[in-house]
Amino acid sequence: MDIRLRHKICAAMMMGTSVMAMLVAGCYSNNCPVENMVTCNYGFYDSEGTPITYGDTITVTTLMPGYKTVYTYRKLGNATITKDAPDTALVNQGYTESVTQQRRDTVLLNKLCNASSMKVPMSFFHDRDTLILSYNMITLKDTIKVEHKSHPNVELPECGTYRFHTLMNVTTTEAAIDHIEISEPKVNYEGNTNVKIYFNGVIED
């Protein structure tokens, strides 16, 4: 066979193999979920079970293990400044420094307003999440405790590993919340409402 013809045949075979590989990869990619963010989904209802839009502003924080050191700087006539590390420049400017130990709270949702639901990530390595709900129109806060089990989920190797959860129990205090219940215990990326929050003093938009 002519050497040039042989090279053309080999090139065509290599191109065909590359195209086939791309098609296979594209096929697998299409099998991966598009919405793959795993969150616990909370729906808002009034005390009678009617879906609502809650008009107050809600900030959700979670309690993390341990404590952190907080540095607070004060100077007459100036706003108070809080930092996670010491700042000698502020001290040189006349600020007084005080050091305290605080809980390692992390903000999950900041100033959620006029919402009918919320999506909250869950802990991978702890079997109970503690959520603190702060409101703008009332001074009291609500504490929601969610007990759950977590497990890895693999659809396809090329899609990566996700952590799914199964809700076991949920409890709440009653500052603005009347009661709470699990509606779908399986927490995955399908977007179902997992927990229903029934508010007592409903503030609607």
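The values are calculated or read from the model by the stated rules, or taken from the named source; none is laboratory data. The structure displayed is predicted, hence computed values, not measured ones. Because the Cβ atoms are built from the backbone with ideal geometry, glycine has one as well, and the counts that use them run over all protein chains shown. Surface accessibility is based on the protein's heavy atoms, side chains included, excluding ligands, DNA and RNA. Shrake-Rupley method; radii C 1.70, N 1.55, O 1.52, S 1.80 Å.
Here Leu63 fulfils each of the conditions (1) at pLDDT 95 or above; (2) within 17 Å of the chain's Cα centre (by Cα) apart from (1).
Scanning the range 49-62 for residues that are surrounded by fewer than 16 Cβ atoms within 10 Å (Cβ to Cβ) and touching a residue at least 60 places away in the same chain (Cβ under 8 Å), which turns out farthest from Ile197 (Cα to Cα)? Here the residue is Gly55.
Taken together, the criteria exclude Thr161 from residues that are modelled with pLDDT of 95 or more and on the phi < 0 side of the Ramachandran plot. Filter the range 139-157 for residues that are at pLDDT 85 or above and farther than 12 Å from His126 by Cβ and give the result. Scanning the range 139-157 gives Thr139, Leu140, Lys141, Asp142, Thr143, Ile144. Restricted to the range 183-205, and to residues there that are part of a loop (DSSP other than H, G, I, E, B) and either modelled with pLDDT of 95 or more or of a type in the set (Asp, Glu) (or both), the residue that is least open to solvent (accessible area, probe 1.4 Å) is Asn194.
Here the condition is being among the hydrophobic types (A, V, I, L, M, F, W, C), over 24 Å from the mean Cα position of the chain (by Cα) and at pLDDT 90 or above; of Ala85, Ala115, it holds for Ala85 alone.
For the structure I just gave you, tell me whether Val24 is modelled with pLDDT under 90 and either in a helix (DSSP H, G or I) or in contact with a Cys (Cβ under 8 Å, 6 or more places away or on another chain) (or both). Considered against the rule, which asks whether it is modelled with pLDDT under 90 and either in a helix (DSSP H, G or I) or in contact with a Cys (Cβ under 8 Å, 6 or more places away or on another chain) (or both), Val24 comes out as yes. Scanning the range 169-182 for residues that are part of a loop (DSSP other than H, G, I, E, B) and surrounded by 14 or more Cβ atoms within 10 Å (Cβ to Cβ) yields Thr173, Ala175, Ala176.
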